[in-house]
Amino acid sequence: MSSGRRVVVIGGGLAGITAALDCADAGARVTLLEVRRRLGGAAYSFEREGMMLDNGQHVFLRCCTAYRALLARLGSERHTHLQPRLDIPVLSPGAPPLRLRRAHAPAPLHLARALAGYRHLTPRERLRAALAARALGALDPREEALDEQTLGSFLERHGQGPRALAALWDLVALPTLNVPAARASLALGAFVFKTGLLSSADAGDIGFHVGTLAQTICDPAEDALRSAGVDVRLGWRAEAIAGEAGTFEVRGGAGAGDAVAADAVIVAVPHTRAGALLAPHLPRVALALERLESSPIVNLHVLYDRRVFDEHFAAGVGTPVQYVFDRTDAGRAPAGSQYLAVSLSGAVREMAMSVEELRASYLPALAELFPRARGAQVLRFLATREHAATFAAVPGAGALRPSARTEVAGLVLAGAYTDTGWPATLEGAVKSGHAAARAGLQALHVPAPAPHAYEVAR
């Protein structure tokens with residue numbers, strides 16, 4: 001039953017999708033405004049010469065229960081695969097492949113065998129890494145003082161040198177924090193390692209998308225929102241929020257149509273854009289968002305004329321290739337060919353490189369990892385770049401992340417940059433959407449959906 005209360009959600013990424021669905025479930029009249037002609041925010045697909053390419057490769061863990069619950073709500077979990085147990089193939093030039101695979105043992109013993117056999121570290125380095133992990137697991141990520149230190153400095157104090165950081169700790173830090181361990185906030189670093197690897201044996205089992213992001217997020221989200229009664233307006237740029245609690249008005253730019261009235265507004269756009277919308281109402285929040293740094297991600301898309309790689313994905317050590325994914329089936333690659341996507345997090349250097357420079361650097365690096373690539377023909381090579389893909393999880397970021405609820409009743413924030421406790425991940429974005437919906441509905445005195453509806457069993 002409709003409550004008659006009007007909620008406008010600005011932004012159609014994961015946070016905005018989640019918030020809009022929750023508000024609609026609670027009976028609010030919801031309008032979602034998205035500047036692009038599709039949903040998904042930074043998670044989207046595009047077509048190029050008959051192939052479907054994702055702008056980036058997004059993974060999740062078994063402990064990402066809110067994101068997995070959203071996929072279940074969208075009916076698209078069939079386009080993902082969740083490992084029965086953590087298993088990361090690790091490749092290095094000139095070395096035989098090895099696997100970081102958890103054992104069937106309670107945490108933290110589930111990783112002991114994998115670390116003991118990790119040949120990219122010496123036996124002494126492996127022992128020191130185990131002791132550093134134990135010390136990291138003893139930290140409380142909620143301690144404010146931890147946000148003033150780097151994960152790298154903590155690890156260095158516990159016997160971890162540059163080689164160990166690059167060969168072990170960055171395998172987790174880079175894809176989750178989008179900065180290397182040396183630069184990362186200790187608070188967020190401790191959270192990631194404790195939550196994903198040390199809290200329970202199965203928490204870090206990796207999930208990845210076997211379909212495109214359009215199949216998994218964008219298209220089913222639009223169907224679910226419209227089925228829930230949400231008024232989805234694509235190609236609608238919100239330029240300003242006028243009014244006050246209970247009498248807001250979201251005004252659009254040229255061609256956006258009439259302004260939209262609202263009793264509550266949920267701002268679910270990236271932090272790099274949110275400040276301009278919030279400044280008239282929340283100048284201190286807007287100023288904090290200006291100070292919140294961004295970190296880039298670059299993805300390389302390489303089409304070979306034959307198969308060169310036999311895993312779903314792999315991590316690289318001693319190579320510029322961080323993670324590589326086989327996207328042949330999802331990308332609709334031509335018969336007999338193989339499409340690999342290389343994901344580069346914290347890619348400050350690569351952002352400044354031309355496509356020709358990236359090709360000259362990364363094709364030889366891939367050939368070092370995949371011997372069959374040395375005789376293969378590269379049919380296509382292109383790069384996609386997100387210069388502000390996430391907020392930078394560096395020291396001081398925690399103090400700048402705003403909560404969903406603001407001092408203006410009914411004006412609410414959503415996005416992975418908000419203070420969810422999580423880094424800028426799929427899970428963090430979805431959790432922020434739930435928090436924003438709760439705050440917005442509470443301001444309208446509308447009961448929120450039951451929290452248990454947001455989670456799935458591990």
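Brief remarks on what is shown
- All-pairs Cα distance distribution in the stretch 329-445, expressed in whole percent, bin size 10 Å: 11, 28, 23, 19, 13, 5, 0
- Fraction of alpha-carbon pairs over 40 Å apart in the chain - percent: 19 percent
- From its DSSP helices (H runs of at least four residues, each -39,500 (n - 2.57)), the chain gives a residue-normalised ellipticity at 222 nm of -8500 deg cm²/dmol.
- The H on the amide N of Ile88, modeled in the peptide plane, is under 5 Å from the matching H of Leu100, Arg101, each at least 5 residues off or on a different chain.
- When the alpha carbon gyration tensor of the stretch 21-91 is reduced to an equivalent ellipsoid, the three semi-axes, largest first, read 27, 21, 10 Å.
- Each pair of Cα atoms in the stretch 294-391 enters the Kirkwood radius, and Stokes-Einstein at 25 °C and 0.890 mPa s then converts it into a translational diffusion coefficient of 180 µm²/s.
- Rg/Rh ratio calculated on Cα atoms of the stretch 103-201 (Kirkwood radius): 0.94
- Protection proxy ranking of 340-353, 128-141 - average other beta-carbon atoms within 10 Å, highest first: 340-353, 128-141
- Whole-percent pair-distance distribution, where bins are 5 Å wide, for the alpha carbons of the stretch 31-166: 2, 7, 11, 14, 15, 15, 13, 11, 7, 4, 1, 0
Values quoted throughout were computed directly from the atomic coordinates according to the rules given, and no laboratory measurement underlies them. None of the values given here were measured: they were computed from a predicted structure. Cβ coordinates were reconstructed from backbone atoms using ideal geometry, including for glycine residues, and neighbour counts include every protein chain displayed.
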